[in-house]
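Okay, so here's the structure we're looking at.
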Amino acid sequence: MRRIGIVFSILVFVFSIGAPVFGRTSRWKPLQELPFPENYPTKETTERLYDEMLFHRATQVVLWSLPAMTLWAMKKGSEAQFGEGSNVFPIWKDRLSAETLVSTPNSDVIYGMGYLDLKKDGPTVIEVPPKLQGILDDFWHRPLTDVGFVGPDKGKGGKYLILPPDNKGKNLKGYFTFKSPTYNVFVFWRAFRDKKGDTKEAVALMQKTRIYPLSKKGNPPQMVFPNGSGQPADMLYPMDYTYFEGLAEFVEHEFVGPEDWSMRGMMASLGIIKGKPFAPDDHMKQILSVGADVGMKMAQVLRYGDMLPNTLYYKDRQWHNVLNVLDVEFKQDTYIDIDARVGMFKIGYSISPAMVMNMVGKGSKYPFSYRDSNGNYLSGGSSYKLHLPPDVPAANFWSITLYDAENASGLKNGQPFPSIGSLDKLNYNQDGSVDLFFGPELPKGAPKSNYLRTVPGKGWFTLLRLYSPTQPFFDQTWRPGDFEMIK
């Protein structure tokens, strides 16, 4: 009981906040004043500070491991819903609705998502059909390669050979060969609907994909393409103690790479060690439970508390750059920008070099907003109008998607899809601009075609997706309005 009391005293200390700025140092005084007679800790001091140290290590392990746990949870959730194996490749054939729980999905394109297990299967072949677009990431979200027009096949298709991190064989002729730093690899295809909004052509193209172990190229397993649309797959990482159970599972399965051995040492102090069972006692479970909860809230603060510097696209608007870095591995001159990395993977997944490049007429951009014009967070119980000036700078198409602020999945609002955009039949103003409306009920006078429902009690945020952004976006001669609250 005494140790449990120590845990709760830690929590009281952690969450106590002094009001004046210069009085905040008083929060740490209880720790500073713990007794050290003749410079040696008492038993009470040892227990208090050791628990405090483990708690902080737990929160930092959560923040550090988000990139990996995002994909690990997606893989495990996909396997639970659709089946296991690299030949199982779910495709959201009728678009991805809010029933599928995954962070910041795009409901306006067709997704295909699969997972390689190089530890189990060894070198693995991916046969890519012509004109397909996608990326391959390792499980720390480090890009292996783009696939398609901006990849080595240049849109002509071809065979990609993905090697395990401990593979010592030579490259084979006839393959685009890449060695993954992790045993697990994320295979992510995207395709657009046709001008009529039909998905059949895009789905048919994805279904030409073939994935199999190189050792079985003579008799590859049959591909399975489940339809993910409307399926209640839970592909989100947990935000409680079970986060650490999943992390321990990931560490046990994965290759020991050079990511950060010091952080592996911090995990070891929490009982997560490759080759050893993860079996924390009740006291450690309490620390990890609180560490997971507070670690997630720290990530929320970084993402939504405006603690990430220089992310605003415009000085006078509430639109942010989700991925405000120049290097997709988050490398600065002498360090990894861990705050930017947390900000990204708290709400999203998948990454490629094209996402940080400014290419007029190519790729995509994702302005991100979670506050209204007055600087208040977007609330599910309030109504808003968003004005987009004429000629939205997207040569392909644009869309607005609503996401649940709690877990970044599509907002489950009772409508078929939590998105609206240029592929829909909208009511435009005479000058070509468009006003979009958001709220728990259709605002008076607003056209139903231009409305997305929100949910009282649920905060939400949005991504404005611009596919093939044009010059006015980059030189900022075109700027979106802010969300204006409707009284």
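Read-outs throughout are calculated quantities, based only on the coordinates presented, and are distinct from any laboratory measurement. Being a predicted model, the structure only gives us computed values, none of them experimental. All Cβ positions, even for glycine, are placed from backbone atoms using ideal geometry, and neighbour counts span all protein chains on display.
Given R0 = 41 Å, the distance between the Cβ atoms of residue 27 and residue 79 translates into a calculated FRET efficiency of 0.40.
Of the beta bridges in the stretch 320-486, as assigned by DSSP with both residues counted there, near 90 percent are antiparallel.
Under a 5 Å amide H cut-off, with hydrogens placed 1.01 Å from N, residue 176 pairs with 159, 160, 161 among residues at least 5 apart or on other chains. On the beta carbon distance between residue 359 and residue 252, with R0 = 35 Å, the FRET formula returns roughly 0.30. Residues of the stretch 74-89 with an amide N closer than 19 Å to a point placed 7 Å from the Cα of residue 200 along the Cα-to-Cβ direction: none.
Would you mind classifying the stretch 217-259 by shape? Square roots of the alpha carbon gyration tensor eigenvalues, ordered a ≥ b ≥ c; an a/c under 1.5 is rounded, otherwise it is prolate if a/b is larger than b/c and oblate if not. In terms of gyration-tensor shape, oblate. The reciprocal of the average 1/r between distinct C-alpha atoms defines the Kirkwood hydrodynamic radius, which for the stretch 227-286 equals 13.3 Å. Neighbours of residue 94 by Cβ distance under 13 Å: Lys/Arg scored +1, Asp/Glu scored -1, total +1. Net charge of the neighbourhood of residue 375, taken over other residues with C-beta under 13 Å away and scored Lys/Arg +1, Asp/Glu -1, is -3. Global size of the stretch 348-455: 14.9, 44 Å for Rg and Dmax (C-alpha atoms, Rg to one decimal, Dmax whole). Working from label points 7 Å from Cα in the Cα-to-Cβ sense, the residue 156 to residue 444 distance is 6.4 nm.
Between residue 315 and residue 274, the FRET efficiency from the beta-carbon distance, with R0 = 51 Å, is close to 0.60. Taking 0.36 nm per residue of separation and subtracting the current Cα-Cα distance, fully stretching the chain between residue 415 and residue 300 would add 38.7 nm. Considering only alpha-carbon pairs that sit under 8 angstrom and 6 or more positions apart, the relative contact order computed for the stretch 84-216 is 32 percent. Around the amide H of residue 427, modelled in the peptide plane, lie the amide H atoms of 450, all under 5 Å away and 5 or more residues distant in sequence or on another chain. Legend: helices of the chain (whole DSSP H runs) are marked when their alpha-carbon atoms reach 18 angstrom or more along the helix axis and their mean Kyte-Doolittle hydropathy is at least 1.6; marked are 2-15. Here the relative contact order of the chain, from alpha carbon pairs under 8 Å that lie six or more residues apart, stands at 17 percent. Entry note, the chain: the mean residue ellipticity at 222 nm calculated from DSSP H runs of n ≥ 4, each adding -39500 (n - 2.57), is -8000 deg cm²/dmol after division by the residues and rounding to the nearest 500. A convex hull fitted to the Cα coordinates of the chain yields 178 cubic angstrom per residue. When 185, 325 are arranged by Cβ crowding within 10 Å, least crowded first, meaning fewest neighbours, the order is 325, 185.
Per-residue Karplus couplings for the stretch 431-437, computed as 6.51 cos²θ - 1.76 cosθ + 1.60 with θ equal to phi - 60°, are listed in order as 7, x, 6, 9, 10, 10, 10 Hz, Gly and Pro entered as x.
Were the residues from residue 44 through residue 422 laid out at 0.36 nm apart, the gain over their Cα-Cα distance would be 129.7 nm. Return the percentage of antiparallel bridges among DSSP beta bridges fully within the chain, rounded to the nearest 5 %. In the chain, DSSP labels about 85 percent of beta bridges as antiparallel. Taking amide hydrogens as placed 1.01 Å from N in the peptide plane, the amide H of residue 144 sits under 5 Å from those of 136, 137, 138, each at least 5 positions away in sequence or on another chain.
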